[in-house]
Amino acid sequence: MASPNGALKRGIPFLLLLLVSLSGFLAGCGSTEEESRSEELTVKATKLVESMIAGDFSTATENFDTVMKDAFPSDKLEDAWNSLVSQVGAFQKQTGTHIEETEEYLIVYVTCEFENSIMDIKVVFNAENQVAGLFFVPATGSTE
């Protein structure tokens, strides 16, 4: 008859393997959720830029948080966009996106080629996936 200690010793490697497998699976679940959020917010940022290009500033402001809605209602966003275009020339095309994450925010850079310059439209999302900031900055050169 086998001793209970012998059975326990044979089961330990199996349990360790099971724990390692589960921890890898659970770690993968978190990164998939983060990737999904990044993809979702990249789509939102791209649509925001497309709305501005089309002159549909009310649609562009739909995902703004309360502070942004107060600071940049659609008419002020239109003024900012027109000011940008007057400085860098007519919009030509979107050339890519890249993401930066901080503790509080996920930032999507939508890189756009204008007639006289390449700019990043920096869209800052809060934890509720609302636009908490919008900036027009010179392109950094890193796109997907």
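Every number in this text was worked out from the coordinates using simple rules, so none of it is lab data. As the structure is a prediction and not an experimental result, all values here were calculated from the model. No Cβ is skipped: glycine too gets one built from the backbone with ideal geometry, and neighbour counts run over all protein chains shown.
When each of the peptides 94-103, 110-119 is scored by the mean number of other C-beta atoms lying within 10 Å of its residues, the order from highest to lowest reads 110-119, 94-103.
Across region 38-138, C-alpha contacts under 8 Å between residues 6 or more apart give a mean separation that, scaled by the residue count, equals a relative contact order of 23 percent.
Which one, Val108, Ala127, Val88, projects farthest toward the positive side of the charge dipole computed for region 61-144 from Cβ point charges (K/R +1, D/E -1)? With unit charges placed on the Cβ atoms, the residue in question is Val88.
Karplus-based coupling profile of region 68-75, in residue order and whole Hz: 5, 4, 6, 6, 10, x, 3, 5, with θ = phi - 60° in 6.51 cos²θ - 1.76 cosθ + 1.60 and x standing for Gly or Pro.
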